[in-house]
Structure formats: structure tokens, C-alpha cells
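The values are calculated or read from the model by the stated rules, or taken from the named source; none is laboratory data. The shown structure was predicted, so the numbers you read here are calculated from the model rather than taken from an experiment. Positions of Cβ are backbone-derived with ideal geometry, glycine not excepted, and every protein chain shown enters the neighbour counts. Keep in mind that these areas ignore ligands, DNA and RNA; they rest on the heavy atoms of the full protein, side chains included. Shrake-Rupley method; radii C 1.70, N 1.55, O 1.52, S 1.80 Å.
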Amino acid sequence: MKSKLIIFIIGLVCLISCSDDDTILSLGNSYVDTQSSVTLVDTISVDMSTFIIDSIPTSTSDYVMVGSYTDEYFGTVSSTGYFQIEMPEASIDDDEVFDSMVLILPYSGIYYGDTLEQQTINVHRVLEDIEPDDDNDETYIYNLNSFSYDNDIIGTITLAPKPTFRDSIEINLTDELGEEFFDYLIDDDDLLESSSDFLDYFYGIALVPGSENNSILSFDADAGLKVKLYSHVTEEERTDYEYTFAHSSSEHYISNNITADYSGTNLESLSTQKYEISSSLMGNMAYIQSGMAIVTRVEFPGIAKILEEERYNILYKAELILRPVLNSDKQVSYPKTLVLYETDKYNEVVSQLTDDDGYALTSTFYEDEFYNEDTYYNFDVTEYVYDQLSAGYIDPDSHGLLVMTSESNFQGTLDRVVFDASSVSEYRPVLNLYYIFYE
């Protein structure tokens with residue numbers, strides 16, 4: 001983009017220096033006599049709609065999420081997290097005595113809702129393999145997948161989470177399960193000869209939100225998600241031991257079953273991926289929410305009018321400006337990065353938009369932290385618009401852009417944003433086209 005800017009400035013200087021007539025060039029508040037003009041076209045309509053992707057993989061995420069909270073725009077959102085652990089390499093003395101066993105959940109720094117209120121997390125033993133569906137040749141676990149677990153609670157905690165003040169949560173697990181693990185270790189049971197054997201015996205852990213919930217908490221699987229078993233030996237002096245049943249993201253699955261009740265919200269009529277809902281039917285708003293796979297579709301139905309322009313022109317730059325609604329719930333911060341995908345009329349992804357170096361094209365985010373009146377996302381869509389115009393014919397029903405969070409966030413967070421999609425509001429979505437018109 002820097003090289004384009006240099007070329008543009010040099011070209012503009014040349015055009016101005018060669019000018020002989022009285023045509024007025026308007027660029028911001030400056031006016032220069034020239035045969036060519038630089039013009040900002042910002043009257044192309046921007047249509048926005050919302051739809052829900054049928055399913056997204058969550059087994060490649062690094063985060064386990066549990067909890068429930070009510071969002072003013074997205075209704076009641078809940079998550080149950082599942083994960084596997086592995087057996088330790090241990091040689092236990094016959095004289096050791098079991099003490100206790102705890103589950104350690106390290107915060108990821110991501111959370112949603114009010115974490116100053118009380119929240120209950122219940123721990124359950126999973127009753128089936130936490131893995132993709134072999135019957136359908138799946139390679140991922142998806143956000144809609146759930147796994148059965150024992151009704152008996154093997155650990156519980158009620159607390160005001162305060163994730164910004166703590167590194168982790170520790171939940172005491174039942175002595176019954178701890179002694180079961182301990183006996184297998186001390187007996188060197190065949191079930192514990194390998195990690196796969198252990199997973200056939202203990203499928204994994206489910207983190208289930210209790211009835212008291214005001215937030216969804218996220219835990220980092222790579223930061224020390226584990227179960228610790230403590231024991232001791234008393235001889236002349238007491239010697240304490242600990243054994244770690246760790247989660248390894250390279251060897252074990254995690255999954256988040258995320259559900260939402262959209263009753264009473266604009267999202268209540270969302271159904272399948274093939275059918276988007278126009279912002280005009282959703283209170284002039286468009287929605288994005290990771291985890292629930294809600295995305296915004298953007299179209300430029302009037303862009304074909306540019307092809308009717310008879311003057312010679314060069315498209316220098318195109319930028320898409322999207323603004324969140326003003327009173328968006330501040331308990332949930334805005335995602336800092338959004339990405340774009342080209343899509344077809346069936347809302348299937350065609351390709352991701354990339355920059356000149358082949359990297360994913362990301363938004364530039366400007367946040368007005370004081371007044372929340374000038375917060376917006378800026379996307380450089382020059383190449384996309386140029387490609388559309390270069391074809392010489394545009395079918396607006398067959399082309400569009402999907403706006404969503406980055407892939408890692410899309411699969412492992414509940415980041416969300418609500419856009420102002422009104423065509424008359426000062427916060428309306430805008431496509432800015434910068435043209436050089438010349439004789």
C-alpha cells in the first residue's frame with residue numbers, strides 16, 4: 001500500500017503540473033486547478049445482513065469455556081466445556097497415603113458478562129469418547145457437539161471469578177475419584193500402561209455451568225490445565241508427593257458446546273446458513289458472534305453504476321467503514337480484529353481476502369474509549385472492488401463479503417459486535433471509493 005501511495009502522489013503531482021485548464025480538483029479542503037480530479041465517492045449503498053453458519057470446529061481451540069450470561073442483543077448464551085487428561089508417569093510407594101485431588105483451571109484472560117457476581121461451576125465425569133464422529137468420517141469436534149456425562153458431581157465451586165485478579169481456579173475433586181486414581185497408580189494397573197489405555201478408562205472432564213451464573217469464563221488449555229493428586233508418606237518425617245494428570249493440546253481434545261436462547265431478540269428467526277436476514281428486518285443492525293458462528297454479510301448493490309461513468313478514471317483506494325451501535329453492552333469488549341471472506345449467493349466461503357503479501361486482510365480498529373461515538377472498523381477493500389469492476393459486469397446477488405473474527409477467535413471465543421446498518425444514520429456503513437478522473 002505504501003508503494004501505491006507513492007505512485008499516487010507522484011502521479012497527482014504530474015497531473016497538476018501538466019494542467020492548463022480551469023477544472024477544479026477537490027481533495028479534502030484543498031482546491032487545485034487541473035485537467036484531472038480526485039473524487040471521493042461515498043454514495044454507493046451498503047447492504048448488510050446476518051446469518052448463522054451451520055457449525056464450526058472447536059476442537060482446534062486452546063480455550064475451554066464454561067458458564068452462562070444474558071446479552072442484550074444475543075439472548076442467553078451458555079457453554080459447557082469438555083477436555084481430556086493423561087496419566088502421569090509415576091512410581092508410587094506402597095506406604096503412600098492419599099490426601100486429596102484438585103482440578104486446576106488457568107484463566108485465559110477472556111471472559112464475558114459480570115465476573116464480580118457469584119458463579120457456580122460443576123465438574124462431571126464424561127461417559128463417552130471426546131473425539132470426532134468416526135461414523136461420519138469427521139476430523140473435528142464442532143460447537144454443536146455435546147458429550148454425555150455422569151449426573152454425579154465430582155467437584156464444584158461457587159465464587160466471584162474476578163479473572164483479572166487471579167491466575168487460576170482450583171476445584172477440589174471428590175475423595176472417591178481421587179482414591180480410585182490413586183489405587184490404579186499404586187497397583188500399576190494395566191489400564192494405566194499408556195495414555196490411550198487411560199483414556200479408555202477415564203474419558204475426560206465436563207465443566208458444566210450451575211444454576212448461579214452471570215458470566216462465561218475461558219480457561220487456557222496450554223497454560224497448565226490439569227488435575228493434581230496429592231499424597232504423603234510418614235516415616236521419621238513426613239514426605240509429600242504430587243502427581244499431575246495434565247492436558248496436552250497436541251495429544252488431547254477439548255470441545256465447547258455453545259448454545260443460545262435468542263427468544264425476544266432480533267436473532268430469533270436465524271435458521272440455516274443459506275438464508276441471511278436483512279438488517280432492515282433486524283432493527284437496522286447486523287451481528288457477529290464467535291462461538292455461535294453468527295456472521296455479517298455485506299453487499300454493494302449499487303457499485304455497478306460506476307461502470308456507467310463515461311469519464312476515464314482510476315480507482316486508487318476503496319475502504320469499508322463499519323461502526324458498532326452506540327449503546328452496545330460494554331460488559332463485552334469489541335473484538336480488536338475482524339477479517340473478510342468473499343462469499344457466493346449461498347453464503348459459502350469462496351476465499352479469504354488477503355493483502356499484497358498474501359496475509360489475511362484484517363481491519364484497522366479505532367475505538368473512542370471516552371465517548372463511544374467515533375468507534376469503527378476500517379477495511380481496505382481496494383483489490384476486491386477493483387476485481388469486481390474489472391470484470392465489466394457485476395451481479396450483486398452472487399457476490400458478497402463475510403465479516404467475522406479471526407479464525408482462532410471464531411473457534412474459541414464468544415467475541416461479538418453489533419453493527420449499525422441504518423442507511424440514514426450518521427453511523428451508517430460506508431464504502432469510500434477514491435477515484436482519479438481525467439480527460
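Structure notes:
- Count of residues meeting criterion [over 20 Å from Ile171 (Cβ atoms) and in contact with an Asp or Glu (Cβ under 6 Å, 6 or more places away or on another chain)] in region 111-159: 2
- When each of Ser408, Ser363 is tested for being closer than 30 Å to Tyr142 by Cα, within 24 Å of the chain's Cα centre (by Cα) and modelled with pLDDT under 85, the lone residue that passes is Ser408.
- Close Cβ contacts (under 9 Å, 6 or more residues apart or on different chains) running from residues in region 140-166 that are among the aromatic types (Phe, Trp, Tyr) to residues that are surrounded by fewer than 20 Cβ atoms within 10 Å (Cβ to Cβ) and assigned to a strand (DSSP E or B) comprise Tyr140/Pro57; Tyr142/Pro57; Phe147/Val126; Tyr149/Arg125; Tyr149/Val126.
- Where Phe410 falls short, out of the listed (1) buried (at least 19 other Cβ atoms within 10 Å of the Cβ); (2) closer than 29 Å to Leu116 by Cβ; (3) of a type in the set (Phe, Trp, Tyr); (4) touching a Phe, Trp or Tyr at 6+ places or on another chain (Cβ under 8 Å): (4)
- Evaluated against (1) over 23 Å from Met292 (Cβ atoms); (2) at pLDDT 95 or above; (3) out of contact with any Leu (no Cβ under 9 Å at 6 or more places or on another chain), Asp240 falls short on exactly one condition, (2).
- Considering (1) touching a strand residue (DSSP E or B) at 6+ places or on another chain (Cβ under 7 Å); (2) open to solvent by less than 70 Å² (accessible area, probe 1.4 Å); (3) of a type outside the set (Lys, Arg); (4) more than 28 Å from Ile110 (Cα to Cα), the lone condition that Gly358 does not fulfil carries the number (1).
- Residues that are surrounded by fewer than 18 Cβ atoms within 10 Å (Cβ to Cβ) and part of a strand (DSSP E or B), drawn from region 153-164: Ile153, Thr156, Ile157, Thr158, Leu159
- In region 209-222, residue modelled with the highest pLDDT [restricted to those that are open to solvent by 60 Å² or more (accessible area, probe 1.4 Å) and of a type outside the set (Asp, Glu)]: Asn214
- Positions within region 251-270 being farther than 16 Å from Ile141 by Cβ and open to solvent by 70 Å² or more (accessible area, probe 1.4 Å), in sequence order: Asp261, Ser263, Gly264, Glu268, Ser269
- Of all residues in region 324-332, none satisfies being touching a helix residue (DSSP H, G or I) at 6+ places or on another chain (Cβ under 8 Å), within 20 Å of Pro429 (Cβ to Cβ), open to solvent by less than 50 Å² (accessible area, probe 1.4 Å) and modelled with pLDDT of 90 or more.
- Candidates Asp135, Asp150, filtered to the one that is assigned to a strand (DSSP E or B) and not polar (S, T, N, Q): Asp150
- Qualifying residue in region 338-351 (condition: in a loop (DSSP other than H, G, I, E, B), open to solvent by less than 50 Å² (accessible area, probe 1.4 Å) and at pLDDT below 90): no
- The C-beta contact set for region 72-101 (first residue touching a residue at least 40 places away in the same chain (Cβ under 8 Å) and among the acidic types (Asp, Glu), second residue part of a loop (DSSP other than H, G, I, E, B) and open to solvent by 30 Å² or more (accessible area, probe 1.4 Å), distance under 8 angstrom, 6+ apart or interchain) comprises Glu86/Glu251; Asp95/Glu235.
- Of the residues making up region 94-115, not one is open to solvent by 50 Å² or more (accessible area, probe 1.4 Å), modelled with pLDDT of 90 or more and assigned to a loop (DSSP other than H, G, I, E, B).
- Residue in region 81-92 that is assigned to a loop (DSSP other than H, G, I, E, B), under 13 Å from Asn256 (Cα atoms) and at pLDDT 90 or above present: yes
- Failed condition for Phe379, given (1) touching a Phe, Trp or Tyr at 6+ places or on another chain (Cβ under 9 Å); (2) part of a strand (DSSP E or B): (1)
- Test: residue in region 169-192 that is without any contact (Cβ under 8 Å) to a residue 60 or more places away in the chain, of a type in the set (A, V, I, L, M) and either touching a Leu at 6+ places or on another chain (Cβ under 6 Å) or over 29 Å from Thr60 (Cβ atoms) (or both): no
- Per the listing Tyr287, Tyr230, Tyr275, Tyr203, the residue uniquely more than 30 Å from Glu89 (Cα to Cα) and modelled with pLDDT of 95 or more is Tyr287.
- Scoring Asp395 on the criteria (1) closer than 14 Å to Glu319 by Cβ; (2) open to solvent by 30 Å² or more (accessible area, probe 1.4 Å) leaves a single failure, condition (1).
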